[in-house]
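Remarks on the structure that follows.
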Amino acid sequence: MQSELQTIHVTIDSHSKKGHGVGVLPSKKQVEVAHAVQGDMLQVAWRKQRRSVQKGRLLEVLSASPRRVE
């Protein structure tokens, strides 16, 4: 049974080895988000998983990082 899709706001603090943005959830687990830049504030969709690092999907950039290039 799959868990319900959740959305959350997260700030990207660093990058993974794959180049994905990494933020910290309120549960203290990390969430990896493709196409994210360090400093971005994002709305992210994710499913609760048992791994230490969650995989998130970028829904909206709420506040763009100064490092972001359009």
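The values are calculated or read from the model by the stated rules, or taken from the named source; none is laboratory data. Nothing here was measured: the structure is a model prediction, and the numbers come from that model. Neighbour counts run over all protein chains shown; Cβ positions are idealised from the backbone, glycine included. Just the protein is used for accessible areas: all its heavy atoms, side chains included, with ligands, DNA and RNA removed. Shrake-Rupley method; radii C 1.70, N 1.55, O 1.52, S 1.80 Å.
Summary of computed values
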read-out	value
Qualifying strands (runs of 3 or more DSSP E) (wholly inside the chain; at least 3 residues being in contact with a helix residue (DSSP H, G or I) (Cβ under 7 Å, 6 or more places away or on another chain) and open to solvent by less than 80 Å² (accessible area, probe 1.4 Å))	none
Every pair of residues 6+ apart whose Cβ atoms lie under 9 Å, when the first sits in the stretch 46-70 and is touching a residue at least 60 places away in the same chain (Cβ under 8 Å) and within 16 Å of VAL10 (Cα to Cα) while the second is among the acidic types (Asp, Glu) and surrounded by 13 or more Cβ atoms within 10 Å (Cβ to Cβ)	none
